[in-house]
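Data block below; observations after.
Just so it is clear, none of the values below were taken in a lab; they were calculated from the coordinates. All of these numbers come straight from a predicted model, not from anything done at the bench. Positions of Cβ are generated from backbone atoms using ideal geometry, with glycine treated the same way; all protein chains shown enter the neighbour counts.
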């Protein structure tokens, strides 16, 4: 009987510990989502990648460095869709945003809420760390500005957004 009680106690402790760890992970994801609700980031071209890709450095802001690092990929995809970037060194030319309509994010809010969902949003399919993805960390006031180089599969991203009916194809005119 004593062995059953001990096993039950051990199982209870394990379930409670697992619940606390899971809850901490959920809270961390919510914090990360909250920190990027206003889409505070900057992107710049850092080089030429394979055909259909963009190699960019994305600068994300957060009070916690780990959160800024975690949000870098999300910000990079958002930047390619809605912001674009200026040309510069390393053979980079200016890149217009995929979305021609500045109000598109609000008009298709449900789509983009799901697309950029922190729990497995589709945006992850179009971005990866690039080469030496060691972050550049700068403290700016009470928060961190973190720069990470990523590769965005911009052609595949455009095709996916076109197939979903979110953006018009390049050949559809203005």
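Here are some notes:
- P(r) tail fraction, segment 71-124 - alpha-carbon pairs more than 19 Å apart, %: 33
- Residue separation of residue 111 and residue 63 scaled by 0.36 nm, minus their Cα-Cα distance, works out to 14.5 nm of gained length.
- Residue ranges 156-167, 82-93 sort as 156-167, 82-93 when ordered by packing (mean number of other C-beta atoms within 10 Å per residue, highest first).
- Exposure proxy order (Cβ contacts within 10 Å, fewest to most) of 66, 57: 66, 57
- Inter-probe distance in nm under a simple model that places probes 7 Å from Cα toward Cβ, at residue 82 and residue 122: 1.7
- When the alpha carbon gyration tensor of segment 37-172 is reduced to an equivalent ellipsoid, the three semi-axes, largest first, read 23, 18, 13 Å.
- In terms of surrounding Cβ atoms within a 10 Å radius of their Cβ, 130, 96 rank from fewest to most as 96, 130.
- The order of 153, 124, going from fewest to most other C-beta atoms within 10 Å of their C-beta, is 124, 153.
- Residues of segment 50-93 with amide N under 19 Å of a point placed 7 Å along Cα→Cβ from residue 164: 53-54, 71-84
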